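Right, one structure below, let's go through it.
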Amino acid sequence: MIMRLKSLELLGFKSFAKKTPLEFESAITAVVGPNGSGKSNVVESLRFVLGEQSIKSMRGKAGVDLIFKGSKTLPKASRASVNIYFDNKDKVFKLENETGEKINLNYDTINISREVFSDGLNKYSLNGSEVRLKDIVTLLSSVNIGSSGHHIISQGEADRILNASSKERREMIEDALGLKIYQYKIKESERKLDRTATNMKEVSLLRKEIAPHLNFLRKQVEKLEKAKEQKIELLDLYREYLQRESKYLTEQNNSFIEEKSKISNELESLSEKIKQIEDISVVIENPKVSEIKNLEKKIYEIRSLKGEIDRKLGRIEGMIEMEERRLQQTPKEKKHESVILSFKEAEDFVTEMNTYIDDAMTKSEVSEVFPILNRIKESLKRFSPAELSENNFNASIHVVEDNSSAKIELERLQKTREEILVELHKMQEEEDKVKSVVENLKSEIEKENFENQESQKTRFDLSVRKQELLSGLSTIAMKEENFVRLSTSFEDQIREGSIFLGGDILSYKNFEITNVEPRENQLERLKKIERIKIKLEDAGLGGGTEVLKEYEETSERDIFLAKEMEDLSTSIVALRSLMMDLKEKIDIEFKSGIQKINKEFQEFFALMFGGGSAFLTVIAQQKKNKDEDMESSNDENIVFEHGIEISVSLPHKKVKELQALSGGERSLTSIALLFAISQVNPPPFLVLDETDAALDEANSRKYGDMLEKLSKHSQLIVVTHNRETMSRAGVLYGVTVGSDGASKLLSVKFEEAVAIAK
Ligand code: ATP
């Protein structure tokens with residue numbers, strides 16, 4: 001493997017004001033120079049460029065202390081910069097990509113550069129590109145250059161490993177074994193675990209926070225879903241209900257119109273008929289009855305006239321009788337008695353008679369005429385012989401005998417009687433005629449009355465029918481009222497339904513009725529509809545879409561969080577398993593590394609001390625560690641931490657405690673251990689800053705032998721005042737302080753070096 005440290009270049013770093021290159025062409029390069037010339041500054045520049053974070057380990061307090069401060073003749077630098085160059089022909093330098101995969105760098109030379117500015121800001125570059133410190137660490141660990149700097153032993157730090165705590169020793173060894181990167185990964189995993197645990201806490205808190213709201217929303221959504229089903233059911237019911245109702249109402253309406261028009265027509269014709277009947281009954285009463293009355297009056301007149309004529313006839317016949325008797329008595333009684341009346345008496349008599357007659361003529365009833373006739377008879381008695389003798393009259397009766405005049409009178413009277421009889425006969429005929437007319441009329445009336453009764457009966461029947469029809473009309477009116485109620489309810493249902501179903505309600509028009517059912521089914525249907533509506537109203541799901549949206553969002557969020565929780569748990573498991581693996585790996589490699597180190601340690605130790613024994617032991621120390629595992633949170637677990645103890649046994653000495661060793665013995669032990677460690681995973685170079693300071697001549701030789709042994713695997717850069725050490729170096733650099741107050745570096749020969757070092 002060719003992975004050689006090629007060169008180092010300092011500029012403005014500590015005492016090196018100017019650009020100062022060092023070439024490492026030999027396996028052992030020695031840096032020599034008087035005290036305070038800047039040799040250790042060279043070693044520190046190596047630490048610096050390899051990413052050392054402890055300013056203290058570079059003998060400074062802040063980054064600015066690493067920058068050349070200026071001298072009498074030179075101004076202070078604005079930054080300190082160190083470049084280091086490695087040969088990478090074998091492409092051994094590796095970087096990690098984002099997924100943690102290691103990739104080989106394709107450069108023949110690797111150049112790492114670090115700059116520090118007066119404000120303490122650091123800048124790292126890899127072959128000219130700025131990179132992170134982490135990249136530098138990864139890059140160097142790929143070639144066994146750990147960040148703990150175990151391969152750089154600073155001045156006075158030779159026995160650092162002896163003074164260090166068992167834990168620090170372990171870290172140094174782990175670093176040397178190249179296990180630091182695993183530790184680093186474990187740390188990183190721990191950090192990730194911490195972060196994951198925190199995230200899990202947060203996520204679980206978030207889930208807890210949204211859980212009640214999510215529950216509420218879920219219930220709302222369930223309700224909504226139920227409501228959706230109910231709405232579907234409602235729509236189904238409504239469609240059938242409304243279509244049937246609409247059909248029913250139309251039929252009803254049509255039947256009303258038809259019925260009404262039928263009844264109206266019948267009523268019209270009935271009223272007509274009734275009117276006709278009424279007209280007829282009014283007409284039949286009048287003319288015939290009054291005609292009969294007239295005729296009866298006429299009959300009465302005829303009869304009274306007849307009576308009068310009868311009486312006239314009687315008088316005539318009396319007169320005839322008297323005349324006949326007179327004629328028969330003439331021989332014996334030839335004398336006619338005559339009554340002589342004065343004119344005045346005759347006139348009074350005529351006036352009296354006329355008065356009676358006039359009175360009688362005013363009377364309509366025959367019975368009324370009789371008293372008048374009696375009075376007339378009484379008046380006439382005055383002319384009887386008895387009355388006359390009593391001288392009721394001044395008249396004197398004169399008897400006149402005269403036959404011829406009697407005969408003439410008789411004839412005249414007989415003639416008059418004949419005329420009267422003819423007249424009577426005529427009147428009788430007329431009476432009979434009138435009577436028969438009356439009879440006819442009466443029988444006609446009788447007949448008509450019979451007919452009238454018939455039509456009255458018909459009229460009654462018609463009235464009954466009319467009443468029936470009228471009540472039929474009022475029934476229809478009642479039905480119509482009901483119809484109006486149903487129509488209003490129909491409209492109401494559409495309006496109410498649309499509140500729940502929107503425009504869908506009108507789809508009832510497309511519903512096809514396939515069967516005929518009893519009307520009660522509609523009532524049942526309506527009951528169901530009302531029940532569903534009440535349920536929907538009860539649910540009170542205003543703004544359903546928002547609830548749904550919110551539920552979807554919240555539940556998506558919850559699912560997301562649950563998934564995240566799962567991912568986090570998975571990653572915790574993965575991280576733990578990774579940590580376990582890493583720890584296992586570290587454990588295995590550490591143990592085998594310790595074994596290897598112990599073998600080398602023993603050898604180097606024996607070589608240094610001419611015998612004796614030295615070895616490392618791994619000890620386990622109890623340590624309280626707060627486990628941050630979520631599931632067993634708050635549990636404090638006892639964990640074991642491994643440390644390294646060093647056991648030495650010097651030849652011919654009983655001393656076993658490290659503290660009891662002399663300074664040289666400590667140095668030798670320490671060097672033996674450091675060399676042993678560096679043999680397991682040899683770093684590309686080792687820097688030893690005056691590690692040999694405490695060695696006597698004999699030990700210096702042994703130290704020189706070890707250097708040569710070591711240089712087979714690693715380049716060595718030694719800062720030394722030791723002549724023996726210098727003699728082993730292939731290249732010698734002399735460091736001096738120039739007249740400008742800055743360190744200067746020059747390549748020197750051995751003799752020069754010996755001179756410079758002094
Ligand atoms: P020794 O042999 O005594 O160990 P050395 O050669 O290792 O000495 P260093 O310790 O490397 O010497 O150098 C110390 C010198 O560097 C001091 O003189 C100090 O003033 C100088 N120095 C340290 N920091 C700066 C700085 N920032 N600017 C200028 N000079 C500095």
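Things to note:
- The slack between GLU368 and GLU752, meaning 0.36 nm per residue of separation minus the straight C-alpha distance, is 117.2 nm.
- Taking Cβ atoms as reference points and 9 Å as the exclusive limit, the residues near ASN122 contribute a net charge of +1, counting Lys and Arg as +1 and Asp and Glu as -1.
- Those chymotrypsin sites (Phe, Trp or Tyr not before Pro) in the range 45-150 that DSSP places in a loop and that have at most 15 other beta carbons within 10 Å: TYR107
- With all protein chains in place and a 1.4 Å probe, the accessible surface of the chain carries 52 percent carbon and sulfur.
- The simple spin-label model puts a point 7 Å past each Cα toward its Cβ; for VAL655 and GLU537 those points are separated by 10.6 nm.
- Within the range 98-206, the GluC sites (Glu not before Pro) that combine a DSSP coil assignment with at most 15 other C-beta atoms in a 10 angstrom radius are GLU98, GLU101.
- The chain shape via C-alpha gyration tensor axes, a/c threshold 1.5: prolate
- Modelled FRET efficiency - R0 60 Å, LYS712 with LYS563, Cβ distances, 0.05 increments: 0.60
- Cα-Cα over 24 Å, subset of LYS712/LYS749; LYS18/LYS91; LYS19/LYS102; LYS208/LYS535; LYS377/LYS426: LYS18/LYS91; LYS19/LYS102; LYS208/LYS535; LYS377/LYS426
- Linear extension gain, ASN97 paired with ASP348, 0.36 nm per residue minus alpha-carbon span: 71.9 nm
- When the C-alpha to C-alpha distance is required to be over 27 Å, the pairs from LYS39/LYS709; LYS56/LYS654; LYS56/LYS180; LYS134/LYS585; LYS134/LYS192 that qualify are LYS56/LYS654.
- Estimated distance in nm for a label pair at GLU190 and GLU645, the labels positioned 7 Å out from Cα along Cα-to-Cβ: 2.4 nm
- Summarising the strand pairing of the chain, around 80 percent of its internal DSSP beta bridges are antiparallel.
- Annotation for THR73 and ASP279: the two label points, set 7 Å from Cα along the Cα-Cβ direction, are 16.1 nm apart.
- The chain: DSSP helices with Cα axial extent of at least 20 Å and average Kyte-Doolittle hydropathy no lower than -1.0: 180-329, 343-362, 366-380, 403-501, 544-609, 663-680
- Solvent exposure of the chain as accessible area per residue, Å², 1.4 Å probe: 57 Å²
The values are calculated or read from the model by the stated rules, or taken from the named source; none is laboratory data. Just so it is clear, the model here is predicted, and its values are computed rather than measured. When we count neighbours, we look across all protein chains shown, and the Cβ atoms used for this are built from the backbone with ideal geometry, even at glycine. SASA here: full protein model, heavy atoms, side chains in, ligands and nucleic acids out. Shrake-Rupley method; radii C 1.70, N 1.55, O 1.52, S 1.80 Å.
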